[in-house]
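Below is one structure, written out as structure tokens; comments come after it.
The values are calculated or read from the model by the stated rules, or taken from the named source; none is laboratory data. Remember, predicted model here, so these are calculated numbers, not experimental data. Quick reminder, even Gly has a Cβ in these numbers, built from the backbone with ideal geometry, and neighbours come from all protein chains shown.
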Amino acid sequence: MIGAVIHLSGMVSTTVIGVVSDRRGRSKVLIWVAAAGASCSVLMGYAAQWGPVWTIFIAMMGSLFILGDSGVLSAAMTDEVSPRHIGRVMGVRSVLGFGAGALAPAAFGAAYDVTHEWSLPYAMLAIGGMCAWVAALLLNRLTNKWQA
């Protein structure tokens with residue numbers, strides 16, 4: 001059930017968050033989405049103690065935010081990067097994203113093996129969200145500087 005919720009909310013999130021970013025600005029939306037995704041990752045570590053309804057709700061919200069920023073990030077990069085360099089930039093983004101996605105389960109599992117609790121492994125997943133949040137803040141600063 002959690003898998004279905006995660007995939008369905010992820011499908012919806014790309015469209016919804018993309019529309020919001022068209023109206024509110026990509027970097028501003030990325031800031032909020034990254035912070036919300038990181039927060040949901042941390043909360044997920046505690047949700048198992050709160051019962052299945054909370055666990056499913058936080059998993060759905062986390063999926064909404066964590067997966068929803070992908071299309072917005074691609075659009076922001078396309079908006080800001082010179083066409084001459086966009087291929088390289090998107091390639092680096094892809095390598096970093098898939099690399100982090102490949103390492104996350106191993107880091108999660110290692111943290112769980114050490115602690116035998118859910119809170120630290122999920123908090124470790126929030127590190128990616130915090131990196132995205134910092135990157136979005138920098139993007140917002142750069143885009144506002146260029147627009148001035």
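Data overview
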quantity: Long-range neighbours under 6 Å by Cβ, at least six apart or interchain, first residue farther than 24 Å from V53 by Cβ within the stretch 1-29, second at pLDDT 80 or above and of a type in the set (S, T, Y); calculated: V29/S21
quantity: The one condition in (1) over 16 Å from L139 (Cβ atoms); (2) touching a residue at least 60 places away in the same chain (Cβ under 8 Å); (3) in contact with a Gly (Cβ under 7 Å, 6 or more places away or on another chain); (4) not basic (K, R) that A34 fails to fulfil; calculated: (1)
quantity: Condition broken by E80, with the remaining ones in (1) farther than 21 Å from N144 by Cβ; (2) of a type outside the set (A, V, I, L, M); (3) in contact with a helix residue (DSSP H, G or I) (Cβ under 9 Å, 6 or more places away or on another chain) satisfied; calculated: (1)
quantity: Count of the stretch 71-99 residues which are assigned to a helix (DSSP H, G or I) and either touching a Cys at 6+ places or on another chain (Cβ under 8 Å) or of a type in the set (G, A, S) (or both); calculated: 9
quantity: Test: W54 is out of contact with any Phe, Trp or Tyr (no Cβ under 7 Å at 6 or more places or on another chain), in a helix (DSSP H, G or I), in contact (Cβ under 8 Å) with a residue 60 or more places away in the chain and surrounded by 14 or more Cβ atoms within 10 Å (Cβ to Cβ); calculated: no
quantity: Some residue of the stretch 100-112 being surrounded by 10 or more Cβ atoms within 10 Å (Cβ to Cβ), part of a helix (DSSP H, G or I) and modelled with pLDDT under 90; calculated: yes
quantity: Any pair with Cβ under 6 angstrom, 6 or more apart, that starts in the stretch 126-145 at a residue that is over 9 Å from A34 (Cα atoms) and ends at one that is of a type in the set (S, T, Y) and in a helix (DSSP H, G or I); calculated: A126/S41; L139/S27; N140/S27; T143/S27
quantity: Residue match in the stretch 69-92 (condition: within 18 Å of A38 (Cα to Cα), small (G, A, S), surrounded by 11 or more Cβ atoms within 10 Å (Cβ to Cβ) and modelled with pLDDT of 90 or more); calculated: no
quantity: Given (1) small (G, A, S); (2) crowded, with 20+ Cβ neighbours inside 10 Å; (3) more than 18 Å from W118 (Cα to Cα); (4) at pLDDT 90 or above, index of the condition A36 fails; calculated: (2)
